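Working notes for the structure below.
The values are calculated or read from the model by the stated rules, or taken from the named source; none is laboratory data. A quick note: this is a predicted structure, and the numbers were derived from the prediction, not measured. Neighbour counts are summed over all protein chains in view; Cβ atoms, including those assigned to glycine, are modelled from backbone coordinates with ideal geometry. Keep in mind that these areas ignore ligands, DNA and RNA; they rest on the heavy atoms of the full protein, side chains included. Shrake-Rupley method; radii C 1.70, N 1.55, O 1.52, S 1.80 Å.
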Amino acid sequence: MTRHPAASALSPRAREETLQRLARTQYDLLVIGGGVTGAGVALDAAVRGLSVALVEMRDYAAGTSSRSGKLFHGGLRYLEQFDFSLVREALKERALMLERLCPHLVKPIQFVYPLRHRVWERAYIGAGLLLYDTLGGAGAVPRHRHLSRGAVGRLAPGIAQDELVGALTFYDAQVDDSRHTMELARTAAAHGADVASAVKVVGLALDAGRVAGATVCDLESGGRFDIRAHHVVNATGVWTDSVNRMTGRPASFSVQASKGVHIMVPREKIDSQVSMFVRAEDSVLFVRSWGRHWLIGTTDTAWNQSLDHPAATSADIEYLLHNLNRVLKVKLTRDDIDGVFVGLRPLVRGNAATTSKLSREHAVESPLPGFTTITGGKYTTYRVMAKDAVDLAVKGLERAVKPCSTEHVPLIGAVGLDDTRRSFGAKAAARGLSAEHVQHLLGRYGSLVDDLDALMAQRPELAEPIKGAEDYLAVEAVYAATHEGALHLDDVLTRRTHISIETPDHGLTAAPMVAALVAPALGWDETRMAEEVRRYHARLEAELSAQQLFDDAAAMAVRDAVRDPRLVIADQEVP
């Protein structure tokens, strides 16, 4: 694919033009949901030559897809459940991401798996990791190895040695999920899909017993219009049931939301060169390196509160700290935490009593003509989920459609990546950028760094770090608004960057500067800038207050008091 930056840029002007096309075009496929699954469906369908529209009610990846475990992995615990097909499928996808589709955003990461039993555990876990090495995508990462007690002490001195008998080390892959999903949406746009955020579906259009499109509301203006489509795909994750109900037909499955909480602590708090795989009371914890932090999680508990703003509680945080401290020499406390984030997994509802045993497989069905639902699954297998959804949807189009070929379609930031890696250093030196910032930009934007370089050439001051979040450059905030579809301050601080969870003050210092940087592109005046900063402060205060409470309902009473501005308009304008 030849990249066309203007066509794939999600600028404010491009959004207005897209809204006009959405209102006047008859599409083959309308995709509801701008998470990784919906963006994957849009790309798959567009590459097959279909006319495609995608709408997202908030921001790209605003739900689960920016709050995942940030891993492309097969799932070691699924081996224990003998779910070999799921692991094989996921490992194949991991290899595709590392080697071809998005190597700038997906990177190998080394783990150590501590052992506490001399014979059976080493043999049992070793056999599982041997399968992990060979089931799918062999060669994409180094194979597992056995470590002695002394070797563990050298690699990870921070692990308590009192009961340790050794360890195994293995590799998986890490991903910047929110950037990956956003770039997936941009790649779909580069292939001709019309994509728009802050557009909420408020009803489905029914014509002679089939779905023929949807009525939507632009949550930036409150205006309504209809989108016509031969087929509609519901890819809304934990919101699946609410969209399904719009059809008036019962679905054969439903979704149970499962809450997953992660915490971020500075790297110096845990003395280790490698990431860790830790057994928890009823699950496992991944302790993985994330820039200057360790990213630690996750929990897995049923969530029955509002889906819009899931809240972490004191109980969630204490669970993570308790299980992690069992294996650390120097114990962590809440004062060591820089960031907390929480996401909801869409689990296909079964009869099991606990969410940890509900199905991680995805489910897809067409309960009536013109409508398909895809839900469940894992972030890692989004491309397979998209293929299954489009395969089912095109059966109703009454014409031949090309098969899925997205395994050969790299994200736009991966196109020409090797050439960019060789050439960008010299350009960056001319801008006065450090080697650290060069690697930071290449790891976040891939070959798209040329777009950022063009902005810095026009405005040299954009090469300066953001005050209060010096790992990020001013140009990244501007680029988020001019090319990446950011419409609000929170979009930039939480998803285009990770300032909200990577800085000790959660982005409070950076917020005014970032608001001023994006204001010209988004048409903000001083009043709007101040309002965006105020909203960000209020949201952060509500999240921190919720984290002092013990149960979900009490935490949500606090958290739900501060809503995304897009959902405020939805409350006012949408029944």
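Taking the Cα centre of the chain as the origin and placing charges on Cβ (Lys, Arg +1; Asp, Glu -1), which of 382, 26, 180 is farthest toward the positive end of the dipole? It is 382.
Between residue 537 and residue 434, the contour length at 0.36 nm per residue exceeds the Cα-Cα span by 33.9 nm. FRET efficiency for the residue 254 to residue 458 pair, using the beta carbon distance and R₀ = 45 Å, is estimated at 0.30.
Which shape class, rounded, prolate or oblate, goes with segment 200-321 when its Cα gyration tensor gives a ≥ b ≥ c as root eigenvalues, a/c under 1.5 marks rounded, and past that a/b bigger than b/c marks prolate?
Because a/c hits 1.5 or more and a/b exceeds b/c, segment 200-321 counts as prolate.
Summary of the geometry: segment 7-72 and segment 223-285, compared by the centres of their Cα atoms, lie 17 Å apart. Among the chymotrypsin sites (Phe, Trp or Tyr not before Pro) in segment 72-103, those placed in a DSSP loop whose Cβ has at most 11 other Cβ atoms within 10 Å are 82. In this Cβ point-charge picture (+1 for Lys and Arg, -1 for Asp and Glu), the chain has a dipole of about 1440 debye about its Cα centre. If you plug the beta carbon distance of residue 407 and residue 146 into 1/(1 + (r/R0)^6) with R0 = 56 Å, you get a FRET efficiency near 0.95. Placing a label point 7 Å from the Cα of residue 516 along the Cα-to-Cβ line, no residue of segment 481-501 has its backbone N under 13 Å from it. For the pair residue 161 and residue 206, the difference between a 0.36 nm per residue extended length and the Cα-Cα distance amounts to 9.8 nm.
Given 0.36 nm per residue, what is the gain on full extension from residue 335 to residue 530 after removing their alpha carbon distance, in nm?
Taking 0.36 nm per residue and subtracting the Cα distance, the gain is 67.2 nm.
Here the simple spin-label model places points 7 Å from the Cα toward Cβ, and for residue 391 and residue 23 these points are separated by 3.9 nm.
The modelled label-to-label distance for the pair residue 279/residue 551, using points 7 Å beyond Cα in the direction of Cβ, is 3.2 nm. Name the shape class, rounded, prolate or oblate, that the alpha-carbon gyration tensor gives for segment 277-341, where a ≥ b ≥ c are the square roots of its eigenvalues, rounded holds for a/c under 1.5, and otherwise prolate holds if a/b is larger than b/c and oblate otherwise. Prolate.
Using a ≥ b ≥ c from the Cα gyration tensor of the chain (square roots of the eigenvalues), is it rounded, prolate or oblate, where a/c under 1.5 gives rounded and otherwise the larger of a/b and b/c decides, a/b for prolate? Here the chain falls in the rounded category.
Residue-wise HN-Hα couplings along segment 109-118, as the Karplus relation 6.51 cos²θ - 1.76 cosθ + 1.60 with θ = phi - 60° gives them from phi, are 9, 8, 10, 10, 10, x, 10, 10, 10, 5 Hz; Gly and Pro carry x.
For a straight C-alpha distance cut-off of 16 angstrom, the lysines reachable from residue 378 (same-chain residues fewer than eight places away being disregarded) are 70, 92, 259, 357, 387.
Sort 555-561, 422-428 by packing, meaning the average of other beta carbons within 10 Å per residue, with the highest value first.
555-561, 422-428
Over the chain, accessible surface divided per residue gives 38 Å², non-protein components excluded, 1.4 Å probe. Dipole orientation for the chain: of the candidates 167, 229, 480, 167 has the Cα lying most toward the positive pole (charges on Cβ; Lys, Arg +1; Asp, Glu -1). For segment 196-203, backbone phi angles converted through the Karplus equation (6.51, -1.76, 1.60; θ = phi - 60°) give residue-by-residue couplings of 8, 9, 6, 10, 9, 6, 10, x Hz, Gly and Pro being listed as x.
Rounded to the nearest 0.05, the FRET efficiency derived from the C-beta distance between residue 365 and residue 322 at R0 = 41 Å is 0.50.
Residues whose amide H falls under 5 Å from that of residue 212, counting only those 5 or more places apart or on a different chain, are 205, 206, 207, with hydrogens built in the peptide plane. Each Lys and Arg Cβ is given +1 and each Asp and Glu Cβ -1; about its Cα centre, segment 405-548 then shows a dipole of about 140 debye.
Under 5 Å from the amide H of residue 168 lie the amide H atoms of 113, 115, 147, each residue being 5 or more positions distant or on a separate chain, with H modelled from the backbone and absent for Pro and chain starts.
Using the average count of surrounding beta-carbon atoms within 10 Å as a protection proxy, the listed peptides 167-177, 439-449 rank, highest first, as 167-177, 439-449.
Close amide H pairs (under 5 Å, H built 1.01 Å from N) link residue 230 with 27, 28, 29, residues at least 5 positions away or on another chain. Within the accessible area of the chain, the carbon and sulfur atoms contribute 52%, probe 1.4 Å, all protein chains present. Per residue of the chain, the DSSP helices (runs of n ≥ 4 H) give a summed -39500 (n - 2.57) that works out to -11000 deg cm²/dmol at 222 nm.
Taking a Cβ cut-off of under 13 Å around residue 134, the surrounding Lys, Arg, Asp and Glu residues balance to a net charge of +2, with basic ones at +1 and acidic ones at -1. Annotation: peptides 16-28, 405-417, ranked by per-residue average of other Cβ atoms within 10 Å with the highest first, follow the order 405-417, 16-28.
Here the dipole of segment 127-284 is about 200 debye; that uses its Cα centre as origin and unit charges on the Cβ of Lys and Arg (positive) and Asp and Glu (negative).
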